[in-house]
Amino acid sequence: MTPLKDRIGSQILTHYPASVEVAKTITAQETNLEAAQKERIYVPELARELIEQISFEARNSEYVDEKVVSAHG
């Protein structure tokens, strides 16, 4: 039973992006920068790629519990 199912009788099923490219697209879409911020902030493509790849690697880690989307430590 998931935490939400246990507490409110409802369950939300989610999934991770299938590829780094899809993840980068989602991250860019969800970034809420104002126009002034967009002008001042530059993130190199390599950095964007590495950040998403780290997320993919972390999901395969024995320290990440997929059931509660948290890390053991």
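The values are calculated or read from the model by the stated rules, or taken from the named source; none is laboratory data. What you are looking at is a predicted structure, and each value in this text was computed from that prediction instead of being measured. Ideal geometry is used to build each Cβ from the backbone, glycine not excepted, and the neighbour counts take in all protein chains shown. These accessible areas exclude ligands, DNA and RNA; they are computed on the full protein's heavy atoms, side chains included. Shrake-Rupley method; radii C 1.70, N 1.55, O 1.52, S 1.80 Å.
Out of S61, S55, I need the residue that is among the small types (G, A, S), in a helix (DSSP H, G or I) and under 17 Å from the mean Cα position of the chain (by Cα). Which one?
S55
Name the residue, out of I41, I54, that is modelled with pLDDT of 65 or more and in contact with a Leu (Cβ under 9 Å, 6 or more places away or on another chain).
From the options I41, I54, the qualifying one is I41.
What residue, among those in segment 1-38 that are assigned to a helix (DSSP H, G or I) and open to solvent by 100 Å² or more (accessible area, probe 1.4 Å), is modelled with the lowest pLDDT?
Residue satisfying both the conditions and the ranking: D6.
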